[in-house]
Every structure is written in structure tokens, then in C-alpha cells.
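Reviewing the structure listed below.
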Amino acid sequence: MGQNIVLNMNDHGFTVVAFNRTVSKVDEFLAKEAKGTKVVGAHSLEEMCKLLKKPRRVMLLVKAGDAVDDFIEKLIPFLEKGDIIIDGGNSEYTDTNRRCKYLEEKGLLYVGSGVSGGEDGARYGPSLMPGGSEKAWPHIKDIFQSVAAKVGKDPCCEWVGPQGAGHFVKMVHNGIEYGDMQLICESYHLLKDALGMTQEEMADVFDEWNKGELESFLIEISRDILRFKDTDGKYLLPKIRDTAGQKGTGKWTAIASLEYGVPVTLIGEAVFARCLSAIQEERVHASTQIKGPENTKYTGDKKAFIEDVRKALYASKIVSYAQGFMLMRETAKELGWKLNFGGIALMWRGGCIIRSVFLGNIKHAFEKNPNLSNLLLDDFFKGEIQKCQASWRRVVASAVQLGIPTPAFSTALAFFDGYRSARLPANLIQAQRDYFGAHTYELLDKPGEFVHTNWTGHGGSVSSTTYQV
Ligand code: 6PG
């Protein structure tokens, strides 16, 4: 990633000094990939800092965690007031909040930037999500917006906000990436097992889907993965062990959603689905012990079911993004950040892993109404979800009948039904809490007034105080 960003910056006319802890890698890079470019090599951090123009702009692309703190400490002695450190890794936003404060206290500027798009993105146009010390932005704007992916003429890079806002938005991007991947996997599972389709047939379906509302990088690569044959001429996909890895950014999104009390259920399920896949041995054992339904094949109209799955995927995806934006809205409120949601949709529209046509519609929704409280209330998305609703319900119901797990489709539908309910059964939870613990409840006609009832006649009338751990 680091090498590719350097080459990308070079292509756009910027002179870059490259450094790597393993100094020999710098020479190798200059002799191979960077041969004939204006890239300058440095063999120590001191040399690198001496070579840089002021204010120095140092971009780190190292593993998230301690490595970032180590580099920051090593850099500080060679930097002067007003110099800028940029962390382009997948750092946890709370770490970026801390580092930003720490460096600003020393008179330095700090930027935590989400960088998405993998190696290719880094080389030819990533999506960049910078946030932190705002004074740094004028010094890096031109470089960042030049190297970023473009949608038309618009760069997929804009200033996100203070402190760890850039890394926060990247974290939500990754959570949504987990959700999108899980939704595609559930579609694949249904096409493969409920309909018994071949790899080629499934690839054709994904190819078709990629021509409509679902057009996106992840659908496109899934089609290509389905078509890919190993050196022995057999499809590679069925040979891959079904245990999903994860580096933790999806988990962070789920943790943040619990932290801020936002029901980001689809990303949560996507993380848990990876965890369930990872306990493969246990699943293999359980599969010999526990029986599901007798009938595991869909017997209705195959073509109609494929279209139902497409619509279930689309509707669930709308819910997932609505939840992701709910999380960003709530966090911004809590932390006093001003996030531009239309701008975020544009940053994700191109260059990144979740890039899609769909994000153009989200951008449009927030442009039309920057104060839109929820994507599900936008006229366009309201209409789209209505068009999909019946199919979505049929798919979830069929999956349940056939014993095929669709946690993301199902949770999205449950959220949708909960969100559109004026009345939920939480009145019973409140009554139960008050019954066993005198936790009090509000009456519908007296909101804000908490009362306790002596439900049993011997519980007493003293109520507990309200607190949150
Ligand atoms: C990106 C990706 C990237 C992420 C990988 C792997 O935007 O380019 O989000 O940052 O690290 O997709 O993530 P997992 O290993 O957690 O699946």
C-alpha cells in the first residue's frame, strides 16, 4: 500500500521521500518499482525529515496499534512546530483522538486518514477520509485530492472532521463492507443450496445484478471469483475453507454501535457470522448431530426466486447503510463533530471497497436534505424498499423453511419492521423491570415522569435510581 501511494503521488507531480524500517527495502523500491521516477529514498527518519519541505508532511502506513505510537515517538525529535503527521492505517478512532490531542499539545498537526481501495486503489486512486487537526488540511488537500479516485471530476476525498473523525468514518466504511460481503454470501448460499445452481449460473446472475441497482465493486469481484478456475481447471471457490478471517474493524463498528446505543444490527450480525464460520470444527461435528428440515431445496419458480433474492439483497443493503449513517449521526452528536453525510457518500462512491452506484443515490438524498434523520425516510429509498418488501419477506421466510441461515437478510427485515412500528412490546420490558427491581416506568400520557408500582402487594413502594454502567 505504502509503495503504491508513493508511486501514485509521484504520478501526480509530487516529489516523495520514501522510507522503510527495513532500509534495504528502500533501495529495492528505488531500483525496481520507483526506477525512473522522482521518488527520493531516505535511509533513516532523520534523513527523511531533513529532506522534506516545511511544513513537513509525513504519512505513515504501518500496522494499526503500537507501531503507530512507536513511529510518532521516533519522528517527534526531527519535527518542528506546524509539521504534520498523517496516519493512513486502519487505526482505531479513539487512538486517533488521543494522538491528535497529544501532538497538538506539542505544536504539531495530526491527521488520521482512512485509506480504502486495497493495493490497486492506493496505486490508481483510493478513497481518502482525512480528519484531525484542521489546520493541516490546506497543506495536504491538493496532494490528497489529486491522488484520490474521482467520480466525474469530484475527488473521493474531503475533510471529514476533527480528532479521529476520519478514522471513525473509515471504521464505519469497513463495518458496511462486512455487511455487504455477508449479504452477498447469503445470496450465494441461497442460489447454491436452495436452487442448486452451478458456479457459472451464479456468476451469470451476479453479472446481471451488476448491471442494475446493485452495481458495485463487491458484486463484480464476486462474479469473477465464481468464474475463477484453479490451475487444475476446477473452480477455486469450493476448495476454499469456509472460515472467515477478520482484523477487527467490523468488530469496532459493532462495539461503537453498542457504545452509542445505535441499533446497527446488520453489521453486528455480519461480524458474528464470521465468528460462527470460524468455529468450523465445532460446526462439522454439530452437522452430524443436529438435523434441520427434511426439504432443503426450493421447489417454486426458480427465476422468480432469483429476482426475490436480488430484491432482498437490495432492501437489506439499504437498511445496512441507513444503520451506518445512524451510527455516524449519533457519534457526531455525542462528540461534537459536524459530519457532512453527502460528502461521506461521495468519498465512498469511488475508489473504496464498498464503491457502488447506490452510494450516488445516498449522496443525492443527503444533498436534497442535509438534515435527513434516516435514509429510510428519504422518498427515493422509501420507494425502493417498498418495491422490494414482498420479495424480501418471501426470501427470509423460505430461508427459514429450508434451514439456510440468512442472519443479515433477517436482521435487516426485523430492524425494518421494528423501525416502522409505532408501538413495540417494550412496555412489557418496562413492567418486568419495575416488577422485579423497582426500576420505574413512564406512562404513555405522562412521558418524562417515572413511576413505580407495587405489583405484588409486598414489594414496597420505594423505587431504584436510574443509572447507566
Ligand atoms: C479497504 C479495506 C481494508 C481492510 C480489508 C480487510 O477499505 O481497503 O477495508 O482496509 O483492512 O478489507 O479487512 P478484514 O481483514 O477485517 O476483513
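The values are calculated or read from the model by the stated rules, or taken from the named source; none is laboratory data. All values derive from a computational prediction rather than experimental measurement. Glycine also receives a Cβ, built like all others from the backbone with ideal geometry; neighbour counts cover every protein chain displayed. We work out accessible area using only protein heavy atoms, side chains counted, and drop any ligands, DNA or RNA first. Shrake-Rupley method; radii C 1.70, N 1.55, O 1.52, S 1.80 Å.
Would you check if ALA286 is closer than 29 Å to ASP207 by Cβ and either among the hydrophobic types (A, V, I, L, M, F, W, C) or touching a residue at least 60 places away in the same chain (Cβ under 8 Å) (or both)?
Working: closer than 29 Å to ASP207 by Cβ: no; either among the hydrophobic types (A, V, I, L, M, F, W, C) or touching a residue at least 60 places away in the same chain (Cβ under 8 Å) (or both): yes.
So ALA286 fails the test.
Considering only segment 324-336, I want to know if a residue exists there that is more than 16 Å from the chain's Cα centre (by Cα) and closer than 21 Å to CYS388 by Cα. No, segment 324-336 contains no residue that is more than 16 Å from the chain's Cα centre (by Cα) and closer than 21 Å to CYS388 by Cα.
The residue that is nearest to the ligand (Cβ to nearest atom), counting only those in segment 96-128 that are open to solvent by less than 10 Å² (accessible area, probe 1.4 Å) and hydroxyl-bearing (Ser, Thr, Tyr), is SER116. Checked against (1) touching a Phe, Trp or Tyr at 6+ places or on another chain (Cβ under 7 Å); (2) assigned to a loop (DSSP other than H, G, I, E, B); (3) crowded, with 21+ Cβ neighbours inside 10 Å, HIS167 passes all but a single condition, namely (2). With a requirement of 3 or more residues that are among the hydroxyl-bearing types (Ser, Thr, Tyr) and under 30 Å from PHE341 (Cβ atoms), the helices (runs of 4 or more DSSP H) lying completely within segment 49-163 that satisfy it span 93-105. Taken over segment 250-263, residues that are away from the ligand (no atom under 16 Å from the Cβ) and either closer than 17 Å to ALA408 by Cβ or in contact with an Asp or Glu (Cβ under 8 Å, 6 or more places away or on another chain) (or both) amount to 5.
Given the criteria buried (at least 18 other Cβ atoms within 10 Å of the Cβ) and either touching a Cys at 6+ places or on another chain (Cβ under 9 Å) or at pLDDT below 95 (or both), does PHE217 qualify? Lay out the reasoning, then the answer.
Numbers: buried (at least 18 other Cβ atoms within 10 Å of the Cβ): yes; either touching a Cys at 6+ places or on another chain (Cβ under 9 Å) or at pLDDT below 95 (or both): yes.
When the stated conditions are applied, PHE217 passes them.
In summary, THR453 fulfils each of the numbered conditions (1) under 25 Å from TYR260 (Cβ atoms); (2) at pLDDT 95 or above with the single exception of condition (1).
Residue-level check: of (1) closer than 23 Å to SER91 by Cα; (2) in contact with a helix residue (DSSP H, G or I) (Cβ under 7 Å, 6 or more places away or on another chain), GLU330 misses just (2).
Selection of segment 337-352 for residues being of a type in the set (A, V, I, L, M, F, W, C), over 13 Å from the mean Cα position of the chain (by Cα) and not in a helix (DSSP H, G or I) yields TRP337, LEU339.
GLU33 meets each of the listed conditions (1) open to solvent by 60 Å² or more (accessible area, probe 1.4 Å); (2) closer than 30 Å to ILE255 by Cα apart from (2).
A quick yes/no check of all residues on (1) within 16 Å of the ligand (Cβ to nearest atom); (2) at pLDDT 95 or above; (3) open to solvent by 50 Å² or more (accessible area, probe 1.4 Å):
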{"position": "GLU334", "(1), (2), (3)": "no, yes, yes"}
{"position": "ILE344", "(1), (2), (3)": "yes, yes, no"}
{"position": "MET347", "(1), (2), (3)": "yes, yes, no"}
{"position": "GLY351", "(1), (2), (3)": "yes, yes, no"}
{"position": "LYS363", "(1), (2), (3)": "no, yes, no"}
{"position": "ASN374", "(1), (2), (3)": "no, yes, no"}
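Within segment 184-203, identify whether any single residue is closer than 30 Å to VAL58 by Cβ, among the small types (Gly, Ala, Ser) and surrounded by 21 or more Cβ atoms within 10 Å (Cβ to Cβ), and answer yes or no. For segment 184-203, residues closer than 30 Å to VAL58 by Cβ, among the small types (Gly, Ala, Ser) and surrounded by 21 or more Cβ atoms within 10 Å (Cβ to Cβ): absent.
Say whether the condition of being of a type in the set (S, T, N, Q), under 21 Å from CYS157 (Cβ atoms) and open to solvent by less than 20 Å² (accessible area, probe 1.4 Å) is met by at least one residue in segment 69-90.
Let us first name the residues in segment 69-90 that are of a type in the set (S, T, N, Q), namely 90.
With the extra rule that they be under 21 Å from CYS157 (Cβ atoms), the set shrinks to 90.
This time we only want the ones that are open to solvent by less than 20 Å² (accessible area, probe 1.4 Å), so: none.
No.
Give me a count of the residues in segment 248-286 that are assigned to a helix (DSSP H, G or I) and of a type in the set (Phe, Trp, Tyr). Can you show your working first?
Residues of segment 248-286 that are assigned to a helix (DSSP H, G or I), as a first pass: 249-259, 265-278, 280-286.
Cutting the leftovers down to of a type in the set (Phe, Trp, Tyr) gives us 252, 272.
Within segment 248-286, residues that are assigned to a helix (DSSP H, G or I) and of a type in the set (Phe, Trp, Tyr) number 2.
Can you say whether GLY65 is more than 32 Å from the chain's Cα centre (by Cα) and of a type in the set (Gly, Ala, Ser), as far as the supplied structure shows? It is false that GLY65 is more than 32 Å from the chain's Cα centre (by Cα) and of a type in the set (Gly, Ala, Ser). Among the residues of segment 292-303, at least one is free of Cβ contacts under 8 Å to residues at least 24 places away in the same chain, part of a helix (DSSP H, G or I), open to solvent by 50 Å² or more (accessible area, probe 1.4 Å) and more than 16 Å from the ligand (Cβ to nearest atom).
So which residues in segment 133-148 are open to solvent by less than 10 Å² (accessible area, probe 1.4 Å) and either closer than 14 Å to ASN4 by Cα or free of Cβ contacts under 8 Å to residues at least 40 places away in the same chain (or both)?
Within segment 133-148, the subset open to solvent by less than 10 Å² (accessible area, probe 1.4 Å) is 133, 136, 140, 144, 147-148.
Of everything in segment 133-148, those that are open to solvent by less than 10 Å² (accessible area, probe 1.4 Å) and either closer than 14 Å to ASN4 by Cα or free of Cβ contacts under 8 Å to residues at least 40 places away in the same chain (or both) turn out to be PHE144, VAL147, ALA148.
Quick check on segment 230-249. Is at least one of its residues open to solvent by less than 30 Å² (accessible area, probe 1.4 Å), without any contact (Cβ under 8 Å) to a residue 40 or more places away in the chain and within 16 Å of the ligand (Cβ to nearest atom)? Break it down stepwise before answering.
Kept after step one, since they are open to solvent by less than 30 Å² (accessible area, probe 1.4 Å), are these residues of segment 230-249: 248-249.
Right, trim to without any contact (Cβ under 8 Å) to a residue 40 or more places away in the chain and you get 248.
From the residues that got through so far, the ones that are within 16 Å of the ligand (Cβ to nearest atom) too are 248.
Yes.
Considering each residue of segment 159-191, count those that are hydroxyl-bearing (Ser, Thr, Tyr) and either within 13 Å of the ligand (Cβ to nearest atom) or within 8 Å of the chain's Cα centre (by Cα) (or both), and give that number. It would help to see each step written out before you state the result.
So the first thing to find is which residues in segment 159-191 are hydroxyl-bearing (Ser, Thr, Tyr), and the list is 178, 187-188.
Restricting the remaining residues to those that are either within 13 Å of the ligand (Cβ to nearest atom) or within 8 Å of the chain's Cα centre (by Cα) (or both) gives 178.
Number of matching residues: 1.
Every condition in (1) within 16 Å of the ligand (Cβ to nearest atom); (2) open to solvent by less than 10 Å² (accessible area, probe 1.4 Å) is met by PHE206 except one, and the failing one is (1).
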